[in-house]
Amino acid sequence: MSRFGHFTLSLCLALASSLVVSAPATAHAHDGQGDQGEQREQDDQGHGRFDVDRVDFPVTLSDGNAYHVAGYLYHRGSPQSRVLQVVVHGGNYDHKYWDIDDLHGRDYSYARYMTDRGYAVLAIDQIGTGASSRPDGDWLTIDDTARALHQVVASMRSHHNPTHHAYRKIALVGHSAGSLTSIYSTGTYHDADALVTTGWLHSPFPLPFDPSTVLGALTTPYVAAGTFPEPFLAATFYHLPTTDPDMIHYDYTHLQATIARRQFLDLLGTALNPVLSRSANVTEPVLAQLGEYDKMAPSGYSAGEASFYPHASQFTIQPMTDIGHDVNAHKNHLQSWRGIDRWLGATLGSCRDD
């Protein structure tokens, strides 16, 4: 049996055993936040003029070869004096997760929302995804994925980067597998001033899918976009009562992207062995947002999450009511965005380095 075959078999067994875990903590109560109120505030906010610059970052991975990471810089006017958010998408997505198109008159773009509030936002395609380089999909580990992110973030501290702007304050904001990459990179390299995770939980909880079915889909070195069908997306990534029914199809046809098979397996392996995330080495302030109905990282299991960040200068959990895994694609996503904005303001100060 090949090395990949041995690893997959052992992971299948481990995943199967992880389906039985302790009972959840008490779930958070509904906060009574109505859908109409969310829509009215979005209608009133109005986006001003902003720019999106496509930029490419040269990176060198552990094989000594040169690759590139594609990025999209959202800003209004000169971005030089802004706090920079480097936002990192999850598995089977690319940077578009942070800039979802309007749907039925509702705004789903995190990047544009934060740009309106004075941040510069750099949305990357993680290595192996989107417009970034695609190394061997059975070689590309979480270590090299984080190594690439580190080189992007470190370069933004000086003028010697594709944006030609140096940033004094940088926050890493991750979603799902992008949260894992951001945790691993922060615990290893300490490039960012603050770390925000969404849709990632170290504490054990029941998996929402049959692991053998998921692993059986990993038939090529890169898992193709659309490998997991619409019903799987709906059942796993969404809380349907607060999701526009057309968003599931939009996700499947517009947001899905490739992911390297080894990245996917490392993601599952780290979920089973949380010490591999290097969260214990994080010394920066951390915000973790967890959805009430997030089947991949449920807030009801968050009681012990702080123990995985023993050296963080501060650790904050924000539970989000009536929301599932793909936070930005839910109709009530503003509770997440506002929470991140307020926390970054309190943690890093003004969006301008006055």
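The values are calculated or read from the model by the stated rules, or taken from the named source; none is laboratory data. Quantities reported herein were computed from a predicted structural model and do not represent experimental measurements. Quick reminder, even Gly has a Cβ in these numbers, built from the backbone with ideal geometry, and neighbours come from all protein chains shown. Ligands, DNA and RNA are stripped out before the accessible areas are found, and what is left, the full protein with its side chains, is counted by its heavy atoms. Shrake-Rupley method; radii C 1.70, N 1.55, O 1.52, S 1.80 Å.
The table below lists the values:
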read-out	value
Listed residues Pro310, Thr242, Ser158: farthest to the positive end of the dipole of region 51-348 (Cβ charges)	Ser158
In order through region 209-222: 3J(HN,Hα) via Karplus (6.51 cos²θ - 1.76 cosθ + 1.60), integer Hz, x for Gly, Pro	9, 6, x, 5, 5, 5, 5, x, 7, 8, 9, 9, x, 10
Calculated FRET efficiency for the pair Phe50/Trp139, C-beta based, R₀ 41 Å, to 0.05	0.65
Accessible area (Å², per residue) of region 203-354, counting only protein heavy atoms and a probe of 1.4 Å	38 Å²
5 angstrom amide H check on Leu290, placed H, neighbours 5+ away	Gln318, Met320
Gain upon complete extension [Gln314, Asp246; 0.36 nm per residue less C-alpha separation]	20.6 nm
Note, ³J(HN,Hα) from phi for region 82-98, Karplus 6.51, -1.76, 1.60, rounded to Hz, x at Gly and Pro	8, 5, 9, 9, 9, 9, 10, 6, x, x, 6, 10, 10, 4, 5, 4, 8
Antiparallel content of DSSP bridges confined to region 51-348, in %, to 5	40 percent
By average C-beta atoms within 10 angstrom, highest first, the peptides 253-260, 85-92, 127-134	85-92, 127-134, 253-260
Percentage relative contact order, region 51-348, counting C-alpha pairs under 8 Å, at least six apart	20 percent
Relative packing of 304-311, 179-186, which averages over residues the other C-beta atoms within 10 Å, highest first	179-186, 304-311
1.4 Å probe accessible area per residue over region 99-168, in Å²	33 Å²
From phi via Karplus (6.51, -1.76, 1.60), per-residue ³J(HN,Hα) for region 122-131 in Hz, x at Gly/Pro	9, 9, 9, 8, 4, 3, x, 9, x, 8
Whole-percent carbon and sulfur share, accessible surface of region 51-348, 1.4 Å	54 percent
